[in-house]
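Trainee: Sharing a structure with you now.
The values are calculated or read from the model by the stated rules, or taken from the named source; none is laboratory data. As the structure is a computational prediction, the values presented were derived from the model and not from experiment. Cβ atoms come from the backbone with ideal geometry, glycine included; neighbour counts cover every protein chain shown. The accessibility values were calculated without ligands, DNA or RNA, using every heavy atom of the protein model including side chains. Shrake-Rupley method; radii C 1.70, N 1.55, O 1.52, S 1.80 Å.
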Amino acid sequence: MAKESFDKEIQFLRLLALTGGNYDRQQFAGRLGISVHTFDKTIRRLKEVNGDADFADLFRYNYADSAEPVLLFLYRAKSMKESESRRLPIILTALKQESMTAAALLDICDEQLMDSHAAPPDEKTIRSDLRYLEEIGVICREPGGRPYRYRLNNDLTECLTREELIELYEFVDIMANTQIPSVQGYLLRDNLKKALKAATSESSDDSWQEEWLEPFSYRYHYDARILDEAHLYTLLRLIREHRFISFQYYSPSRKRSYTAQNTNPLFTQDSEPRRQHMLPLRVVYDHQYGRWYLLGTTPGGRIVKYRMDGIVDITAEEEADTLLCEQHTAKLDEHTRYSWLVDTGRTFTVRARFFKPALPQNDFIQERVRMQGQWGEIIEEDSRSFIYEIKVNGYTEIRPWLRSFGSSCEVLEPAALRNSLIEEWKELMSDYESI
């Protein structure tokens, strides 16, 4: 995953995807919180990364073209520093031929980077690269004592036939497009595709056919979930380490989604943007809207929650006491016990009548309620309908789910929720009445 922060590019791509090119340069830069000069520079950088002459065309794709998510290229571009992007391919290419020691790899890097403007790496840097590649499973250390020898870890792809690789590719393809987290699945899928091409080129039986790997087409409506995974693994690691964090937060209601960091002392702001401090405890995903949420407590113990698409510039702070973390986690679990998603309000009992489809249709309404209704229960049932009951912390979050059933759902309790839905349907009816 990405080793460098790319908050600005994430916010840039999200805003471009949401607006669909409806902003001009000044409007876009103002909404993002950067200068027009920075806007132009970012566009040039992203064009270089993607190699696409018309960058805006990335977000005008057809339904069947989205099995290759257009926002994923940012991970490939920003996953390492420029010096690493030169050095790591040299190391991996060398290990492809034979197993080697760190000292031998240092000599190869010195030789191949001799004409480069970058400073040649030292042995400590090479060993750090090897540790990183070993941690992520790209290489492995051979048995034996010092000096350690390393080799490429291609055991999985080399032991499978081409047909087995295709089956594995199709499984990973389906999981990456339908499950979360998704980015690692997409990267694994790309590596399997390379392995398949390599296996085919070594065989004289057939030539490579792209149709082998194009049996499915997908469309996921919330591309921003891929961008938010940039924060996901960082936050999960900090949760495991019981670390406090600080960050800047831009709520959906704010007119900006990012603020550029001024490097010119003549234009520094009088006051820095306020940073949020919290102890992260949970990450929650809303599959209905494609949103990630971060839940935790303030240093004083108050429960807080943030949408991850508004979080930028995450910084690890001091480590929290393990017992304190356990106490805060137990408190959060109790307060979110009846949360449909992340709500921590007062607990209500929601009762709704669902009407079954006419025979001989399958009862898809009840199947969906049983699958999506979480801890709720069906308490009454007859041949025409059934009554579903659930306790929730407020009805704001469950409301869109109930509304999605249309005329197949009638809310019975609480009265406030029922009346608000009645008023909403009246407003809809007035919008659609004849002119």
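Trainee: Given the criteria at pLDDT 85 or above, over 20 Å from D309 (Cβ atoms) and out of contact with any His (no Cβ under 7 Å at 6 or more places or on another chain), does H277 qualify? Spell out the reasoning first.
Mentor: Numbers: at pLDDT 85 or above: yes; over 20 Å from D309 (Cβ atoms): no; out of contact with any His (no Cβ under 7 Å at 6 or more places or on another chain): yes.
No; evaluated as a whole, the condition is false for this residue.
Trainee: Here is a follow-up. Can you work out which of the residues in region 321-334 that are under 24 Å from V392 (Cα atoms) and in contact (Cβ under 8 Å) with a residue 12 or more places away in the chain is least open to solvent (accessible area, probe 1.4 Å)?
Mentor: So, considering only residues that are under 24 Å from V392 (Cα atoms) and in contact (Cβ under 8 Å) with a residue 12 or more places away in the chain, the one least open to solvent (accessible area, probe 1.4 Å) is L332.
Trainee: Continuing with the same structure: For a quick check of your reading: which helices (runs of 4 or more DSSP H) sit entirely within region 350-435 and have at least 1 residues that are touching a residue at least 60 places away in the same chain (Cβ under 8 Å)? Reasoning before the result, please.
Mentor: Values: elements: 364-372, 399-403, 415-432.
Once the helices (runs of 4 or more DSSP H) in region 350-435 are filtered for at least 1 residues that are touching a residue at least 60 places away in the same chain (Cβ under 8 Å), what remains is 399-403, 415-432.
Trainee: Next up: How many of the residues in region 386-417 are among the polar types (S, T, N, Q) and closer than 25 Å to E334 by Cβ? Let's see the steps before the verdict.
Mentor: Applying the first criterion (among the polar types (S, T, N, Q)) to region 386-417 yields 393, 396, 404, 407-408.
From what's left, closer than 25 Å to E334 by Cβ: 393, 396.
Total satisfying the criteria: 2.
Trainee: Just name the residue that is nearest to R237 (Cα to Cα) out of those in region 270-320 that are among the acidic types (D, E), in a strand (DSSP E or B) and open to solvent by less than 60 Å² (accessible area, probe 1.4 Å). Walk me through it before giving the result.
Mentor: Within region 270-320, the first condition is being among the acidic types (D, E), and the residues that meet it are 270, 272, 286, 309, 313, 317-319.
Retained after the next criterion (residues that are in a strand (DSSP E or B)): 286, 313, 317-319.
Restricting the remaining residues to those that are open to solvent by less than 60 Å² (accessible area, probe 1.4 Å) gives 286, 313, 317.
Values: D286: 21, D313: 16, E317: 13 Å.
Applying the filter and picking the extreme gives E317.
Trainee: While we're looking at this one, here's another question. If V49 satisfies every condition in (1) open to solvent by less than 70 Å² (accessible area, probe 1.4 Å); (2) under 26 Å from A198 (Cβ atoms); (3) of a type in the set (V, I, T); (4) at pLDDT 70 or above but one, which is the exception?
Mentor: Of everything listed in (1) open to solvent by less than 70 Å² (accessible area, probe 1.4 Å); (2) under 26 Å from A198 (Cβ atoms); (3) of a type in the set (V, I, T); (4) at pLDDT 70 or above, V49 misses just condition (4).
Trainee: Would region 81-88 turn up any residue that is open to solvent by 40 Å² or more (accessible area, probe 1.4 Å), hydrophobic (A, V, I, L, M, F, W, C) and at pLDDT 75 or above? Show your work before the answer.
Mentor: At the first step, the residues of region 81-88 found to be open to solvent by 40 Å² or more (accessible area, probe 1.4 Å) are 81-83, 85-86.
Okay, now just the ones that are also hydrophobic (A, V, I, L, M, F, W, C), so none.
There is no residue in region 81-88 that is open to solvent by 40 Å² or more (accessible area, probe 1.4 Å), hydrophobic (A, V, I, L, M, F, W, C) and at pLDDT 75 or above.
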